[in-house]
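**Student:** Below: one structure in structure tokens.
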Amino acid sequence: MKQICLLGGTGFVGSALAQQLSVAGYSVKLLTRRREGSKHLILLPNVTVVECDVMNDAALSVALKGCDVVINLIGILHSTKKMSFEKMHAELPKRVTKICLKLGMGRFIHMSALRADLKAPSHYLRSKAEGENYVLSQSKKLHVTVFKPSIIFGRGDGFINLFAHLIKLLPVILLAKPKAKFQPIFVEDVAAAFVACIENSQTYGKSYDLGGPKVYTLAEIIKFVSTTLNKKRIVIGLNNLFSYMQAFAMELLPIKLMTRDNVRSMEVDSTCEHPFPDYLNFTPVAMESIVPEYLLNENPRNAYNHYRSYAGR
């Protein structure tokens with residue numbers, strides 16, 4: 001039984017991945033800052049939750065020792081002085097990679113972001129690219145695989161559910177970047193891609209785009225959510241200037257629902273340049289077949305609270 005150390009395992013994607021790893025028979029060591037936030041995972045077979053400060057190299061080295069595989073899912077949507085993009089997206093993957101090499105580990109799987117690029121307009125995408133590039137540069141010494149998903153949906157997500165909350169609350173939606181494009185992918189499909197690659201040598205040293213079967217504009221996603229909820233709403237698409245003005249105003253709120261850097265990320269389409277990985281031997285699930293079931297049963301307040309957690313506070 002291979003032991004897998006999962007960083008970021010208590011989040012939206014991590015919870016789905018931990019469950020699939022458990023079902024697949026792997027032994028999972030899940031690292032978290034606060035054990036009390038992992039109650040839904042503690043009872044899973046073969047899953048051990050360990051409190052660890054991943055920003056402390058000594059503590060992280062102790063936690064990783066004896067593991068066969070490391071999976072890093074850690075990411076944030078908004079940068080702060082305490083948790084910056086540079087620290088979490090660029091420096092952390094480098095540190096984890098170096099510790100893996102020092103301990104003689106053979107397998108590292110890392111989650112980046114679709115359209116991450118050093119020349120991208122947003123700090124978020126540039127920092128993701130910096131971490132991704134370093135990880136892949138070590139692929140001759142370490143069996144590395146990188147996944148780059150578009151927006152991820154599923155029960156408890158921080159994207160579809162947030163818009164559902166706003167649609168239920170507001171009669172008029174002022175929508176930044178209405179023409180921005182996304183290729184949403186189901187969280188269980190993302191988790192399946194990670195599990196299937198663990199012992200698949202053809203994935204070593206490679207990076208994979210992950211997107212669903214259909215591309216949507218942001219305005220189309222809002223329309224889909226509104227129709228699903230049977231709510232007629234006026235949606236006003238904002239031009240670039242007003243999109244940035246809206247984001248600036250939201251940055252002043254205690255909870256940052258959107259920032260100017262988020263708007264910059266939407267200047268590039270979050271769509272796949274390459275087809276869905278053929279090694280998976282399945283077709284990703286369409287948003288229309290999953291979202292209605294959980295939206296119509298979702299407590300909107302729970303969705304908002306989840307977004308607060310997902311956004312990295």
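Please treat every number below as a calculation from the coordinates, not as lab data. Model, not experiment: these values are computed from the prediction. No Cβ is skipped: glycine too gets one built from the backbone with ideal geometry, and neighbour counts run over all protein chains shown.
**Student:** Among the listed pairs LYS128/LYS214; LYS179/LYS214; LYS81/LYS256; LYS87/LYS206; LYS119/LYS148; LYS2/LYS65, give every one whose C-alpha distance is greater than 18 Å. Mind showing how you got there, number by number?
**Tutor:** Numbers: LYS128/LYS214 24 Å; LYS179/LYS214 15 Å; LYS81/LYS256 14 Å; LYS87/LYS206 24 Å; LYS119/LYS148 16 Å; LYS2/LYS65 13 Å.
Pairs exceeding the cut-off: LYS128/LYS214; LYS87/LYS206.
**Student:** Here is a further query. Which residues in segment 92-132 place their backbone N less than 18 Å from a point set 7 Å from the Cα of LYS141 along the Cα-to-Cβ direction?
**Tutor:** So the set is 92-110, 131-132.
**Student:** Oh, and also: Tally Lys and Arg at +1 and Asp and Glu at -1 over the other residues with C-beta under 11 Å from the C-beta of SER226: what net charge comes out?
**Tutor:** +4
**Student:** Still on this model: So if I average 1/r over every pair of distinct C-alpha atoms in segment 1-124 and take the inverse, what Kirkwood radius in Å does that give?
**Tutor:** 15.0
**Student:** Find the Cα radius of gyration of segment 157-254, compare it with 2.2 N^0.38 Å by division, and give the number to two decimals. Working shown, then result.
**Tutor:** Working: Rg = 17.3 Å, N = 98, 2.2 N^0.38 = 12.6 Å.
Taking N as the residue count of segment 157-254, the ratio is 1.38.
**Student:** While we're on this one: Taking 7 Å along the Cα-to-C-beta vector as the label spot, tell me the GLU288-LEU241 distance in nanometres, rounded to one decimal.
**Tutor:** 3.8
**Student:** Could you pull the Cα extents of the chain along its three principal axes, largest to smallest, in whole Å?
**Tutor:** Result, largest extent first: 57, 39, 37 Å.
**Student:** Fewest Cβ neighbours within 10 Å first, please rank ILE74, ILE4, ILE109 accordingly. Kindly include the intermediate steps, with their values, before the conclusion.
**Tutor:** Numbers: ILE74 21, ILE4 27, ILE109 24.
By the 10 Å Cβ count, ascending, the order reads ILE74, ILE109, ILE4.
**Student:** Follow-up question, since we're still on this one. In whole percent, what relative contact order does segment 189-293 give with Cα contacts below 8 Å and a gap of six or more residues?
**Tutor:** Relative contact order for segment 189-293 comes out at 42 percent.
**Student:** Once you keep just the Cα pairs under 8 angstrom separated by 6 or more residues, what percentage relative contact order results for the chain? Present the calculation step by step, with values, prior to reporting the outcome.
**Tutor:** Values: 607 pairs, mean separation 59.4, N = 313.
The normalised contact order for the chain reaches 19 percent.
**Student:** Further question: Can you find, among GLY75, PRO93, ALA129, the residue sitting farthest towards the positive end of the charge dipole of segment 65-150, where Lys and Arg contribute +1 and Asp and Glu -1 at Cβ?
**Tutor:** Going by the Cα projections, it comes out as PRO93.
**Student:** Hey, with R₀ at 22 Å, roughly what FRET efficiency would ALA24 and SER61 work out to, going by the Cβ-Cβ distance, to 0.05?
**Tutor:** 0.25
**Student:** Which residues among segment 148-162 fall inside the zone where the amide N is under 12 Å from a point 7 Å beyond the Cα of ASN297, along Cα→Cβ?
**Tutor:** Answer for segment 148-162: 155-156.
**Student:** With point charges of +1 on the Cβ of Lys and Arg and -1 on the Cβ of Asp and Glu, referenced to the Cα centre of the chain, which listed residue (SER207, HIS274, VAL285) lies farthest in the positive direction of the dipole?
**Tutor:** Projecting each Cα onto the dipole axis, the largest value belongs to SER207.
**Student:** So, one more: Please go through segment 259-294 and write out the chymotrypsin sites (Phe, Trp or Tyr not before Pro) that DSSP classes as loop and that have at most 16 other C-beta atoms within 10 Å.
**Tutor:** Within segment 259-294, the qualifying chymotrypsin sites (Phe, Trp or Tyr not before Pro) (loop, at most 16 other Cβ atoms within 10 Å) are PHE282.
**Student:** For a paramagnetic label modelled at 7 Å from the Cα of PHE248 toward its Cβ, which residues of segment 93-134 fall within the zone defined by backbone nitrogen distances under 19 Å?
**Tutor:** The answer is 122-123, whose backbone nitrogens lie closer than 19 Å to the label point.
**Student:** Before rounding to the nearest 500, sum -39500 (n - 2.57) across all DSSP H runs of length at least 4 in the chain and divide by the residue total; then give [θ] at 222 nm in deg cm²/dmol.
**Tutor:** Result for the chain, helices only: -11000 deg cm²/dmol.
**Student:** Straight-line reach only, C-alpha to C-alpha below 19 angstrom: list the aspartates and glutamates that LYS223 could link to, leaving out same-chain residues fewer than 8 apart.
**Tutor:** ASP157, ASP269, GLU288, GLU293, GLU298
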